[in-house]
1. As an exercise: evaluate Phe6 against (1) surrounded by fewer than 18 Cβ atoms within 10 Å (Cβ to Cβ); (2) closer than 21 Å to Gln118 by Cβ; (3) of a type in the set (Phe, Trp, Tyr) and give the number of the one condition it does not meet.
2. Taking the stated definitions as given, is Asn164 open to solvent by less than 40 Å² (accessible area, probe 1.4 Å), in a helix (DSSP H, G or I) and more than 26 Å from Val65 (Cβ to Cβ)?
3. Could you pull out the residue among Asn193, Asn149, Asn128 that is open to solvent by less than 30 Å² (accessible area, probe 1.4 Å) and either at pLDDT 95 or above or assigned to a helix (DSSP H, G or I) (or both)?
4. For region 12-35: of the residues being out of contact with any helix residue (DSSP H, G or I) (no Cβ under 8 Å at 6 or more places or on another chain) and touching a residue at least 40 places away in the same chain (Cβ under 8 Å), which is nearest to Glu189 (Cα to Cα)?
Amino acid sequence: SHQLSFSHIKAAAHFAKLSYEKEDKYDDSKPSSELRDEHRSYVIGSIITAVCYLEATINEVFTDVEDISRSNEWSPDVAQKMKETWDNERSLQLIIKYERALCIVKSESFNRGAEPYQSAASLIYLRNALIHYKPEWVGTGESYNKTLNEKLRQKLEKKIKKLNPMTQEGSLFFPHRCLGYGCAKWAVESSLNFSNEFFSKIGLPSNLDQDYQLSLNLPEI
């Protein structure tokens, strides 16, 4: 079967590089709305396709289970449980699919409080916030603490090395300050780190070989 996961992660890295180029050209003494619009398009594209890579990757593992099982000598019981999960529960939340597969193959679980799980979960949360975007009033005090803006700030601010330089002082964290190259770079790297960890834990090589992963390298911040 064709593996669309490769195309998704390549697209995510490509969009991230384009957002880097836009930030590099940005001159805040001559702000251009066209440049800002293009920049945001690339950042959002990178985040969404980085998560598409994670989704395609785990779906490919479940659908290729017979070949994987044969070449890696998984017990018939493991292969059967993987097949049953795919047949009956393929609508599980994305990160739960990874957890279920790891539990079936190795009777292990991810450390939810540590990396790379934390960043993968935060990345999926951000992707969902973009896809199911709902405008919100951002007040102060207790009501502010419950806003999506504040929840995302708490999840992402320390993870993103550089915030969007095209935003004005005092702009909201989401969607303004967080959606920059720093976030796109983190999205690509977080998805790769999580899938690499998953494959390592289940005893398989990554679906992306080392040369391919090197080709995805992004400019440093």
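The values are calculated or read from the model by the stated rules, or taken from the named source; none is laboratory data. Only a predicted model underlies this, so the values are computations on that prediction, with no experimental measurement involved. Cβ placement follows ideal geometry from the backbone for every residue including glycine, while neighbour counts extend to all protein chains displayed. Remember, those area values only see protein heavy atoms, side chains included, never the ligands or the DNA or RNA. Shrake-Rupley method; radii C 1.70, N 1.55, O 1.52, S 1.80 Å.
1. Exception for Phe6: condition (2).
2. Working: open to solvent by less than 40 Å² (accessible area, probe 1.4 Å): yes; in a helix (DSSP H, G or I): no; more than 26 Å from Val65 (Cβ to Cβ): yes.
Criteria not met by Asn164.
3. Working: Asn193 fails: open to solvent by less than 30 Å² (accessible area, probe 1.4 Å); Asn128 fails: open to solvent by less than 30 Å² (accessible area, probe 1.4 Å).
So the residue among Asn193, Asn149, Asn128 that is open to solvent by less than 30 Å² (accessible area, probe 1.4 Å) and either at pLDDT 95 or above or assigned to a helix (DSSP H, G or I) (or both) is Asn149.
4. Looking at residues that are out of contact with any helix residue (DSSP H, G or I) (no Cβ under 8 Å at 6 or more places or on another chain) and touching a residue at least 40 places away in the same chain (Cβ under 8 Å), I get Lys17.
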